[in-house]
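Working notes, beginning with the structure itself.
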Amino acid sequence: MSDREYARAAILRRVIAGEVSITDATPLLRVSYRQAKRLVQRFRAEGRKGLVHRSVGRRSNRATPMAHREHVVQLIRAHYGGGPERGPGQRFGPTLAAEHLWSDHGVLVPVRTLTRWMQDAGLWTRSRGMHVELAKSTSANWCSSTAVSMIGSRAAGRARVR
């Protein structure tokens, strides 16, 4: 259940207990009076689970068929999913893979969709393994500027430290 559904359940419990009328609960629930009556009726019959949207967990009508998705992932594995090392047969990122899928195989897939599919299949990760270290002078400057801004008048807070 979402936070919104938990909040609705708390309000509907108060309505059923008689602490709040349906009319007073409608602005709290952010629904019309008729919809509030329907919610109270369903809450009485099914409890908190009756407040969960009926489409939760279902596949979208606009979703790409799984057979097409598997075919595309198989093409990427076979042609563009080389190891992470450099050289021939190197691993393609989603943008380049989408371009090659279109030009070589005639398969058009949006880059964002392909990114998600490749991440789910373990063919691509966002991290590159690079670690950035902060310079010591940066932390030293931060400390001294904090000290300057804490001491003195308002003008000290606006002073630049180099």
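Bear in mind that the values in this text are calculations on the coordinates, not laboratory data. Because the structure is predicted, anything quoted here is derived from the model rather than measured. Cβ placement follows ideal geometry from the backbone for every residue including glycine, while neighbour counts extend to all protein chains displayed.
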Spin-label model distance (nm) - Val20 vs Ser2, 7 Å beyond Cα toward Cβ: 1.8
Pair-distance profile P(r), taking every C-alpha pair of region 66-121, with 10 angstrom steps and integer %: 25, 61, 14, 0
Stretchable slack from Thr113 to Tyr33, in nm (0.36 nm times residue separation minus alpha-carbon distance): 24.7 nm
